[in-house]
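What follows is one structure encoded as structure tokens, with my remarks underneath.
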Amino acid sequence: SRLHDGPLAINRDTTLLIITRNYPKANEHGDHNLFLEYYVRGMSGWSKPIVFPYAHINYSLQHPHYNDSERTLYFSSDMPGGFGGFDLYKSKWNGMEWEKPVNLGPKINTPYDEVFPSFSPLGDLIYATNHIETYGGLDLVLFREDQRFLFPYPINTPNDDFTITFSSDQSGWFASNRGT
């Protein structure tokens, strides 16, 4: 579209696609917030776009990650009722509709931003945050056994280091805005 499209998530059997989009019109504060839209593929092809039912023009929903083993969408949002900044949420998909989003709680979410959720090959949550304990900017965190573990340098730097994807249990890619 003429505005922001992406990032996106797709389930393993490619029957569900979720994408981050900008609202085409600004809200009353002049913000073009982000929302999630999804498509379902059936026998006759892809559905028309469906707005995630918990989206609202007054806050953003972004950075979808679909966890196939849980049939659950993970995303970040600054919706009311969070811990501050952007928090991580999850919403279960039953094949027809989404359950009400659940905040992942204070062991993960802080007054800062928690964004770009994903999972390690072992099933541990990984996300980016600009929490005070980081090297600076956004840094990647592994959440395992109720504890946050900051990835070391050279993965995390004073720049923004975020959104990780694995191609195997020993390799993958992450995004960063650092210089070469």
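Looking only at residues that are among the β-branched types (Val, Ile, Thr) and over 17 Å from residue 62 (Cα atoms) in the stretch 10-38, which one is surrounded by the fewest Cβ atoms within 10 Å (Cβ to Cβ)? First the steps, then the outcome.
Within the stretch 10-38, the subset among the β-branched types (Val, Ile, Thr) is 10, 14-15, 18-20.
With the extra rule that they be over 17 Å from residue 62 (Cα atoms), the set shrinks to 14-15.
Numbers: 14: 8, 15: 13.
The extreme case among them is 14.
Can you confirm whether the stretch 59-72 contains a residue that is over 23 Å from residue 31 (Cα atoms) and of a type in the set (Val, Ile, Thr)? Outline the logic, then answer.
Narrowing the stretch 59-72 to residues over 23 Å from residue 31 (Cα atoms): 65-72.
From what's left, of a type in the set (Val, Ile, Thr): 72.
For the stretch 59-72, residues over 23 Å from residue 31 (Cα atoms) and of a type in the set (Val, Ile, Thr): present.
Within the stretch 94-131, work out how many residues are more than 21 Å from residue 176 (Cβ to Cβ), surrounded by 18 or more Cβ atoms within 10 Å (Cβ to Cβ) and not hydrophobic (A, V, I, L, M, F, W, C).
3
Conditions first: (1) on the phi < 0 side of the Ramachandran plot; (2) surrounded by 15 or more Cβ atoms within 10 Å (Cβ to Cβ). Residue 179 passes all but one, so which condition is the exception?
Every condition holds for residue 179 apart from (2).
Can you find a residue that is more than 28 Å from residue 132 (Cα to Cα), of a type in the set (Lys, Arg) and buried (at least 16 other Cβ atoms within 10 Å of the Cβ) anywhere in the stretch 39-55?
Quick first cut of the stretch 39-55, residues more than 28 Å from residue 132 (Cα to Cα) only: 39-55.
In the following step, the residues that additionally are of a type in the set (Lys, Arg) were identified as 41, 48.
Restricting the remaining residues to those that are buried (at least 16 other Cβ atoms within 10 Å of the Cβ) gives none.
Within the stretch 39-55, none of the residues are more than 28 Å from residue 132 (Cα to Cα), of a type in the set (Lys, Arg) and buried (at least 16 other Cβ atoms within 10 Å of the Cβ).
Assess whether residue 134 counts as being at pLDDT below 95 and assigned to a strand (DSSP E or B).
Values: at pLDDT below 95: yes; assigned to a strand (DSSP E or B): no.
When the stated conditions are applied, residue 134 does not pass them.
Kindly indicate whether residue 142 is surrounded by fewer than 18 Cβ atoms within 10 Å (Cβ to Cβ), on the phi < 0 side of the Ramachandran plot and at pLDDT 95 or above. It would help to see each step written out before you state the result.
Values: surrounded by fewer than 18 Cβ atoms within 10 Å (Cβ to Cβ): yes; on the phi < 0 side of the Ramachandran plot: yes; at pLDDT 95 or above: yes.
Criteria met by residue 142.
Within the stretch 65-118, track down each residue that is of a type in the set (S, T, N, Q) and either in contact with a strand residue (DSSP E or B) (Cβ under 8 Å, 6 or more places away or on another chain) or within 16 Å of residue 35 (Cα to Cα) (or both).
From the stretch 65-118, those of a type in the set (S, T, N, Q) are 67, 69, 72, 76-77, 91, 94, 103, 109-110, 118; that's our starting set.
Hits for the stretch 65-118 are 67, 72, 76, 77, 91, 103, 109, 110, 118.
What are the pairs with Cβ atoms under 9 angstrom where one residue, in the stretch 105-129, is closer than 23 Å to residue 171 by Cβ and the other, located anywhere, is open to solvent by 10 Å² or more (accessible area, probe 1.4 Å) and basic (Lys, Arg)? Sequence gap at least six, or different chains.
Listed by first residue and then by second, the contacts come to 117/90; 120/144; 122/144; 124/144; 125/144.
Which of the numbered conditions does residue 91 fail, given that it passes all the others? Conditions: (1) within 24 Å of residue 57 (Cβ to Cβ); (2) assigned to a loop (DSSP other than H, G, I, E, B).
Going through the list (1) within 24 Å of residue 57 (Cβ to Cβ); (2) assigned to a loop (DSSP other than H, G, I, E, B), residue 91 breaks only (2).
Which one of the conditions (1) crowded, with 17+ Cβ neighbours inside 10 Å; (2) assigned to a loop (DSSP other than H, G, I, E, B); (3) not basic (Lys, Arg) does residue 174 fail to meet, given that it meets all the rest?
Unmet condition: (2).
Return the pairs, sorted by first residue and then second, in which the second residue is hydroxyl-bearing (Ser, Thr, Tyr) and surrounded by 16 or more Cβ atoms within 10 Å (Cβ to Cβ), the first residue lies in the stretch 143-169 and is in a strand (DSSP E or B), the beta carbons are less than 7 Å apart, and the residues are 6+ apart or on different chains.
If the second residue must be hydroxyl-bearing (Ser, Thr, Tyr) and surrounded by 16 or more Cβ atoms within 10 Å (Cβ to Cβ), the pairs left are 150/134; 161/176; 163/118; 164/118; 165/118.
The values are calculated or read from the model by the stated rules, or taken from the named source; none is laboratory data. Every value quoted in this text rests on a predicted model; they were computed, and no experiment measured them. Neighbour counts run over all protein chains shown; Cβ positions are idealised from the backbone, glycine included. What goes into the accessible areas is simple: the full protein's heavy atoms, side chains included, and nothing from ligands, DNA or RNA. Shrake-Rupley method; radii C 1.70, N 1.55, O 1.52, S 1.80 Å.
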